[in-house]
There are 2 protein chains.
Amino acid sequence: MDIKTKLISAAESLFDRHGFTATGIDRLTQAAGMSSRTLYKHAGSKHSLIAKVLSERDKRFLRRLDVSSVDALFKALEDWVRVEGCRGCLFLRAYGETGGDVPEIAEVMAAHKAGVWSKIQEIIALETNGRGNEQLAEQILILFEGATATAIYRGADAVATARHCAVRLVKQASS
Amino acid sequence: MDIKTKLISAAESLFDRHGFTATGIDRLTQAAGMSSRTLYKHAGSKHSLIAKVLSERDKRFLRRLDVSSVDALFKALEDWVRVEGCRGCLFLRAYGETGGDVPEIAEVMAAHKAGVWSKIQEIIALETNGRGNEQLAEQILILFEGATATAIYRGADAVATARHCAVRLVKQASS
DNA sequence: TTCAATGTAAAACGATCACTTTACATTGTC
DNA sequence: GACAATGTAAAGTGATCGTTTTACATTGAA
């Protein structure tokens with residue numbers, strides 16, 4: 001595995017498991033199996049490393065959401081949660097830990113949310129033949145966020161509940 | 001104002017604004033206008049201070065949710081978000097920053113979520129004359145969490161959207 | 001075979017971390 | 001007027017923070 005990939009994936013799991021601020025450079029270098037000099041050569045700074053981690057996660061996440069129905073969308077989220085664990089949205093967590101004061105991080109968060117939002121809008125347009133409005137899409141988004149958050153303390157089943165609810169809303173809007 | 005109250009309220013706003021780990025003791029003592037000796041006399045430790053802050057917030061939050069309809073529940077959340085700001089659920093943020101590894105914090109989070117959950121169950125039972133099931137209540141919970149999370153980057157309007165959705169779900173279950 | 005690139009190990013940087021201690025001032029109470 | 005309680009200011013604890021530096025090994029291409 002490429003050394004930069006190894007760093008970013010080691011960092012992602014440490015950040016996810018222990019939080020961003022609480023994870024020090026020492027633990028990162030140790031987990032990635034490299035010297036701090038090499039880490040800084042590739043990452044530039046800790047904030048930049050966080051941004052890179054989020055950026056990679058964004059790609060991986062949206063690739064999983066490459067579906068064309070609300071049902072499949074929430075199935076994809078359920079898969080993600082079961083495979084990657086349910087510790088909440090890593091983007092919102094990074095944003096919260098840094099108070100929204102780190103531009104690199106705030107921007108990646110905003111870009112990620114914009115990506116999810118446009119994917120949902122696309123699916124809704126597809127499933128309702130354009131009958132679905134902006135409000136329906138936002139309801140689906142809220143269920144999506146809610147499932148992610150609720151899964152932290154109620155487990156992956158919460159995502160299934162959100163799925164049933166979302167599917168019903170779309171059905172009602174299309175009929 | 002009582003000195004302990006002052007500490008806890010100063011700590012709450014700093015934690016909310018800048019994150020838990022990123023907020024040091026120096027900043028806390030400065031904002032609360034007291035020496036570190038006094039802080040430790042009252043709080044015991046930083047983790048304990050976090051737990052106390054969350055515990056007080058839990059009381060204040062649930063007091064606001066003393067309503068008897070889903071509509072009023074989300075109106076209360078909307079008020080909260082407009083008054084206190086929308087930086088996400090502080091309990092989940094504390095839990096995430098500490099990786100769930102600090103018992104005092106994990107317990108306060110769990111207690112808070114249990115409180116919200118039973119409040120929602122109570123409202124659903126009330127509004128559906130017992131016709132509403134566990135699944136409906138969980139859908140409302142997910143909308144509640146989703147509104148809180150979505151409001152971070154889409155503002156308080158997301159809560160209004162969640163409200164309309166929740167009210168509709170309850171209506172459909174009661175008719 | 002030399003040179004630049006890329007890595008390592010480890011020490012050092014000053015700052016800040018959570019937390020404790022020492023020494024002293026102000027109170028209200030018996 | 002002695003005493004315990006409760007506060008302050010400020011220095012000191014050792015550990016850890018993010019980051020840089022020094023010194024050296026390995027490697028692949030010119």
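Somewhere in the range A:121-138, is a residue in contact (Cβ under 8 Å) with a residue 24 or more places away in the chain, under 29 Å from B:HIS112 (Cβ atoms) and not assigned by TED's automatic domain parsing to the domain that holds A:SER9?
no
Pick out the one residue from B:GLY44, B:GLY85, B:GLY99 that is within 13 Å of another protein chain (Cβ to nearest Cβ), surrounded by fewer than 16 Cβ atoms within 10 Å (Cβ to Cβ) and within 30 Å of A:HIS18 (Cβ to Cβ). I'd like the intermediate steps shown before the answer.
On the way: B:GLY44 fails: within 13 Å of another protein chain (Cβ to nearest Cβ); B:GLY99 fails: surrounded by fewer than 16 Cβ atoms within 10 Å (Cβ to Cβ).
Of the residues listed, the single one that is within 13 Å of another protein chain (Cβ to nearest Cβ), surrounded by fewer than 16 Cβ atoms within 10 Å (Cβ to Cβ) and within 30 Å of A:HIS18 (Cβ to Cβ) is B:GLY85.
Under 9 Å by Cβ, and 6 or more places apart or on different chains, what pairs join a residue from the range B:17-35 that is within 12 Å of another protein chain (Cβ to nearest Cβ) and aromatic (Phe, Trp, Tyr) with one that is assigned to a loop (DSSP other than H, G, I, E, B) and buried (at least 16 other Cβ atoms within 10 Å of the Cβ)?
The qualifying pairs are B:PHE20/A:GLY19; B:PHE20/A:THR21; B:PHE20/B:THR98.
Would you mind stating whether A:ARG64 is within 14 Å of another protein chain (Cβ to nearest Cβ), surrounded by 14 or more Cβ atoms within 10 Å (Cβ to Cβ), modelled with pLDDT of 95 or more and more than 10 Å from DNA strand D (Cβ to nearest atom)?
For A:ARG64, the condition - within 14 Å of another protein chain (Cβ to nearest Cβ), surrounded by 14 or more Cβ atoms within 10 Å (Cβ to Cβ), modelled with pLDDT of 95 or more and more than 10 Å from DNA strand D (Cβ to nearest atom) - is not met.
Pairs please, first residue from the range B:142-162 and outside any helix (DSSP H, G or I), second anywhere and of a type in the set (Val, Ile, Thr), Cβ atoms under 9 Å, 6+ apart in sequence or on different chains.
B:GLY155/B:VAL81; B:ALA156/B:VAL81
Can you name the condition, by its number, that A:LEU92 falls short on among (1) within 17 Å of the chain's Cα centre (by Cα); (2) open to solvent by 30 Å² or more (accessible area, probe 1.4 Å)?
(2)
Is the range B:23-39 home to any residue that is under 16 Å from the mean Cα position of the chain (by Cα), more than 12 Å from DNA strand D (Cβ to nearest atom) and outside the structural domain of B:TRP80 (by TED's automatic domain parsing)?
Taking the range B:23-39 as the starting set, the residues that turn out to be under 16 Å from the mean Cα position of the chain (by Cα) are none.
Within the range B:23-39, not a single residue is under 16 Å from the mean Cα position of the chain (by Cα), more than 12 Å from DNA strand D (Cβ to nearest atom) and outside the structural domain of B:TRP80 (by TED's automatic domain parsing).
This table checks each residue for (1) under 22 Å from B:PHE15 (Cα atoms); (2) more than 11 Å from chain A (Cβ to nearest Cβ).
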position: B:HIS112; (1), (2): yes, no
position: B:ILE123; (1), (2): no, yes
position: B:GLY130; (1), (2): no, yes
position: B:THR148; (1), (2): yes, no
position: B:ALA160; (1), (2): no, no
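Please go through the range A:133-143 and give me each residue that is more than 7 Å from chain B (Cβ to nearest Cβ) and open to solvent by less than 20 Å² (accessible area, probe 1.4 Å), ordered by number.
We begin by selecting, within the range A:133-143, every residue more than 7 Å from chain B (Cβ to nearest Cβ); these are A:133-134, A:136-137, A:140.
Once the filter is applied, which keeps residues that are more than 7 Å from chain B (Cβ to nearest Cβ) and open to solvent by less than 20 Å² (accessible area, probe 1.4 Å), the range A:133-143 yields A:LEU136, A:ALA137, A:ILE140.
The values are calculated or read from the model by the stated rules, or taken from the named source; none is laboratory data. Here the structure is a predicted model, which means the values were calculated and not measured. When we count neighbours, we look across all protein chains shown, and the Cβ atoms used for this are built from the backbone with ideal geometry, even at glycine. To get the accessible areas, we keep the full protein, side chains included, count just its heavy atoms, and leave off ligands, DNA and RNA. Shrake-Rupley method; radii C 1.70, N 1.55, O 1.52, S 1.80 Å.
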